[in-house]
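Here the structure comes first, spelled out in structure tokens, and everything after it is commentary.
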């Protein structure tokens, strides 16, 4: 929990563990890798499925473990930020499990993804359609959830950092700034997720470009923001412990 004292904000970090730093970095890199793999497959490039499988498995394990813990235990509730367990925990868990599933498919069906001989590219894309079609409905639903999270961020002015947090705390008097930034990232992820089933079905360049572009921007932002938070969150702990 946290209390306001004459010396400023004090937080009992033992009762409110926070690890959305690694979650943000892993989610951002995961989005970037999904786009990169999709681009290589659509362009007919040869890939090393085992390498992509390892990357997805590592990121998926991180997101699944942290997202599952946050979803089931609500560690941020004691500090008055119960909503953050839903906002960060559940999407991280969903994305982590999706990455683990992708890693398993890439590993088990590796030979079907490696060849780029004549006609093999079209067969590979058709295989991707068939494999990803069932789960694409869940991706679409997650996109709607991202829109809902973004709307909540704007409506209730969430995500604002306290003044004790370095850098981000400079905008504590303007909570709409960080609310707009984080909500905007969820909108980008949501756009890509909602378009994903349609882009997958038709493999049309405009839909693929919009989906990939949205996830690339969101991925870069989540990755860089998560890396920055390693400084800002450590500073917040130092200032409030």
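The values are calculated or read from the model by the stated rules, or taken from the named source; none is laboratory data. Predicted model only: the values in this text are computed from it and were never measured. With ideal geometry, Cβ positions are generated from the backbone for all residues, glycine too; neighbour counts draw on all protein chains shown.
Does residue 111 satisfy being modelled with pLDDT of 90 or more, farther than 29 Å from residue 184 by Cβ and exposed (fewer than 14 other Cβ atoms within 10 Å of the Cβ)? For residue 111, the condition - modelled with pLDDT of 90 or more, farther than 29 Å from residue 184 by Cβ and exposed (fewer than 14 other Cβ atoms within 10 Å of the Cβ) - is not met. The set of residues in region 11-41 being part of a helix (DSSP H, G or I) and free of Cβ contacts under 8 Å to residues at least 24 places away in the same chain consists of 36, 37, 40. The residues of region 52-66 that are over 14 Å from residue 104 (Cβ atoms) and surrounded by fewer than 21 Cβ atoms within 10 Å (Cβ to Cβ) amount to a single one, 65.
Applying the set (1) within 22 Å of the chain's Cα centre (by Cα); (2) in a loop (DSSP other than H, G, I, E, B) to residue 44 leaves exactly one unmet item: (1).
Touching a residue at least 12 places away in the same chain (Cβ under 8 Å), more than 29 Å from residue 156 (Cα to Cα) and surrounded by 19 or more Cβ atoms within 10 Å (Cβ to Cβ): does that describe residue 49? When the stated conditions are applied, residue 49 passes them.
Residue count for region 164-176 under the criterion of being over 14 Å from residue 151 (Cα atoms) and part of a helix (DSSP H, G or I): the result is 5. Quick check on region 116-136. Is at least one of its residues part of a helix (DSSP H, G or I), surrounded by fewer than 19 Cβ atoms within 10 Å (Cβ to Cβ) and within 18 Å of the chain's Cα centre (by Cα)? Looking for residues that are part of a helix (DSSP H, G or I), surrounded by fewer than 19 Cβ atoms within 10 Å (Cβ to Cβ) and within 18 Å of the chain's Cα centre (by Cα), one finds at least one in region 116-136, hence yes. List, please: which pairs have Cβ atoms under 7 Å, are six or more places apart or on different chains, and start with a residue in region 144-173 that is in contact (Cβ under 8 Å) with a residue 24 or more places away in the chain and end with one that is buried (at least 17 other Cβ atoms within 10 Å of the Cβ) and not in a helix (DSSP H, G or I)? Pairs that qualify, where the first residue is in contact (Cβ under 8 Å) with a residue 24 or more places away in the chain and the partner is buried (at least 17 other Cβ atoms within 10 Å of the Cβ) and not in a helix (DSSP H, G or I), are 152/158; 153/159; 168/161; 169/161.
Among the residues of region 196-210, what is the count of those that are in contact (Cβ under 8 Å) with a residue 24 or more places away in the chain and assigned to a helix (DSSP H, G or I)? Before you say what the answer is, go through the steps one by one.
Step one: list which residues in region 196-210 are in contact (Cβ under 8 Å) with a residue 24 or more places away in the chain, which gives 196-197, 200-201, 203, 208.
Those still in the list that are assigned to a helix (DSSP H, G or I) too: 196-197, 200-201, 208.
Within region 196-210, residues that are in contact (Cβ under 8 Å) with a residue 24 or more places away in the chain and assigned to a helix (DSSP H, G or I) number 5.
Among residues of region 146-163 being surrounded by fewer than 18 Cβ atoms within 10 Å (Cβ to Cβ) and under 15 Å from residue 229 (Cα atoms), the one that is modelled with the highest pLDDT is 163. Has region 67-75 got any residue that is modelled with pLDDT of 95 or more, in a helix (DSSP H, G or I) and either buried (at least 19 other Cβ atoms within 10 Å of the Cβ) or on the phi > 0 side of the Ramachandran plot (or both)? Yes: region 67-75 contains one or more residues that are modelled with pLDDT of 95 or more, in a helix (DSSP H, G or I) and either buried (at least 19 other Cβ atoms within 10 Å of the Cβ) or on the phi > 0 side of the Ramachandran plot (or both). Take the conditions farther than 23 Å from residue 12 by Cβ and surrounded by 17 or more Cβ atoms within 10 Å (Cβ to Cβ) and apply them to residue 92. Does it pass? Taking the combined requirement at face value, the residue satisfies it.
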